[in-house]
Amino acid sequence: MSVLTTTADSDWPLQLFRRASVSVPAYASFLRSRDCDPAMVVEAADFGRVPLTSKENYLRSAPLADLMWHGSLGGTRLVASSSGSSGTPFYWPQDEDSLREAAHLNARVFDTFDCRSRSTLCVISFFMGTHVAGIYQLQAALCLAQRGYRLTAICPGIDVEENVRVLRDVAPGFDQTVVMGYPPLVKDVLAAASAANVPLEPLGLRLVFSGESFSEGWRDSVHQAARATDPLSSSLGIYGSADTGIIGVESPLTVHVRRAAAKDPKLCEALFPDAGALPTLVEFDPRYRHIEDVHGDLVLSTGSGLPLVRYRIGDAGRVLSMTTLAEAMARCGHHVPAHLAERSTGHFVALYGRMDVVCTFYAVNIYPDNIKGALERPDLVSRTSGRFVLGKEAAESGGQFLRLRVELAPDTALSPPLRQRIERAVGESLRTTNAEYRKLEEAMPGRRLLDVVALPHGDPVFVRTGKGRRVVP
């Protein structure tokens with residue numbers, strides 16, 4: 001069943017469909033190939049029968065220009081890239097509407113931080129270059145500065161030492177500093193700044209996270225490192241993707257709800273059934289993002305940049321209204337604080353996780369094929385079962401690393417040379433098939449990012465429990 005946001009919000013997605021079916025060559029062809037007659041999609045209820053698009057069945061099936069309005073890249077103002085499971089970049093054109101939307105959706109974050117009245121250094125600690133996150137946030141910050149926000153942007157990227165220099169030498173000249181980056185990188189920067197005796201408390205640090213999920217306990221620890229005192233508004237997360245830009249942002253209300261769910265398992269299950277772990281919870285603006293929950297898959301429609309109609313973004317999750325959220329909380333003995341609800345959009349999406357990603361590491365998506373290719377090499381295919389579990393762990397020296405547990409084939413003996421051979425093969429495969437991992441490794445020279453553990457066949461680690469870790473395949 002397709003769950004639409006609200007009846008009132010369903011008009012523009014239908015208009016988007018009608019326009020795209022005529023004016024986007026690749027989409028018109030897509031509909032014909034699936035025997036979908038646009039003339040039969042008349043009412044909002046019909047929209048749920050429009051075939052779903054995805055990167056595989058739509059975006060990669062046509063030249064980039066054919067995916068744009070009128071089959072032209074002429075209106076494009078910026079092009080960013082992302083790397084998928086094959087390591088081959090996909091390019092995402094952005095037009096004037098995309099950039100305006102980026103500013104509008106970011107404004108909710110900067111309004112929470114009172115950036116109209118306080119001079120603010122915006123430290124953008126995402127990948128730069130053609131990667132979407134860094135340039136997307138830079139464009140939004142510059143646009144908001146033109147609209148009267150007291151924002152000054154600086155882009156040290158993922159270089160921890162450069163971030164520390166910015167906090168030491170530049171940030172003291174501002175009322176406050178907002179550090180935007182991948183959660184583990186932000187933590188690394190704060191730890192490095194403290195080790196370098198940079199006074200953090202006077203900087204008035206605010207934090208913005210994107211790229212991967214985190215627990216509320218982790219948020220508390222980072223707040224402590226940043227000398228931040230407000231649990232609801234000192235840090236906010238952004239839910240976005242290369243495909244669509246920002247989808248939603250945390251607010252003091254969603255942080256409040258998530259913290260309550262983290263302490264109350266009954267509330268967590270009522271709000272996020274079958275999630276398996278505490279999801280990210282954000283608000284979205286239905287004027288710019290139309291989100292559906294189709295059998296647990298999140299499906300998005302947006303008309304800016306590269307237009308997408310009923311696009312499967314590869315995330316599992318749930319769409320909630322304010323009524324649904326409030327009723328679930330009330331059943332579990334909680335309430336929605338009025339002072340937090342008054343500025344809410346009333347539209348929420350809970351992100352359970354990626355459908356096609358094994359692990360996200362410093363915002364780099366690690367896909368099954370990045371690992372499987374190594375285990376299927378002629379010298380290893382008979383020595384392993386092909387099953388593996390990949391996760392992140394904290395290093396004693398700070399930061400994170402990837403821990404890969406590989407199941408050996410029956411009757412294969414454990415040996416240090418075999419473990420080392422698997423580790424070398426997996427490292428080579430990651431560098432070859434995942435451009436973003438390769439760039440991450442280049443940005444962190446001398447740091448061990450991968451550790452492989454070889455375990456005997458039948459080890460309990462590889463028993464599928466349905467929750468928590470993911471066993472591949």
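The values are calculated or read from the model by the stated rules, or taken from the named source; none is laboratory data. Being a predicted model, the structure only gives us computed values, none of them experimental. As a convention, Cβ positions derive from the backbone with ideal geometry for all residues, glycine included, and neighbour counts pool all protein chains shown. Just so you know, the surface numbers come from the protein's heavy atoms only, side chains and all, with ligands and any DNA or RNA stripped out. Shrake-Rupley method; radii C 1.70, N 1.55, O 1.52, S 1.80 Å.
Annotations for the structure displayed:
- Antiparallel DSSP beta bridges within region 27-157, as percent of all bridges there, nearest 5: 55
- Each Lys or Arg adds one and each Asp or Glu takes one away; over the other residues whose Cβ falls under 14 Å from the Cβ of residue 381, this sums to +2.
- What the Kirkwood sum gives for the chain is a hydrodynamic radius of 23.6 Å, with every pair of different alpha carbons counted.
- Cα centroid separation, region 25-70 to region 331-363 (Å): 29
- Beta bridges by DSSP in the chain, antiparallel share as percent, to the nearest 5: 65
- In the full protein context, region 182-326 carries 32 Å² of accessible surface per residue, based on a 1.4 Å probe and ignoring ligands, DNA and RNA.
- Convex hull volume of the Cα atoms of region 241-392, normalised per residue: 145 Å³.
- Overall dimensions of region 36-145 by Cα: Rg and Dmax, Å: 17.9, 53
- Convex hull volume per residue in cubic angstrom - Cα atoms of region 107-218: 100
- Principal axis analysis of the Cα atoms in region 170-215 yields extents of 31, 22, 17 Å, listed in decreasing size.
- Accessible area of region 348-473 divided out per residue, in Å², using a probe of 1.4 angstrom: 48
- Euclidean distance of C-alpha centroids, region 75-154 and region 303-321, integer Å: 19
- The chain - percent of accessible surface contributed by carbon and sulfur, probe 1.4 Å: 51
- Equivalent ellipsoid semi-axes - Cα gyration tensor, region 250-314, angstrom: 27, 15, 8
- Mean shadow area of region 358-422 over all directions, Cα convex hull, nm²: 4.9
- Per DSSP, loop trypsin sites (Lys or Arg not before Pro) in region 327-410 with at most 13 further Cβ within 10 Å: 343
- The chain: relative contact order as a whole-number percent, Cα under 8 Å and 6+ apart: 14
- Counting only lysines at least 8 places from residue 266 when in the same chain, those with an alpha carbon closer than 26 Å to its own are 467.
- Long-range tail of P(r) for region 194-236 (Cα pairs > 15 Å, %): 41
- Sequence of 329, 355 when ordered by accessible area, the most exposed leading, probe 1.4 angstrom: 355, 329
- Counting only protein chain heavy atoms and rolling a 1.4 Å probe, the accessible areas of 269, 376 rank, largest first, as 376, 269.
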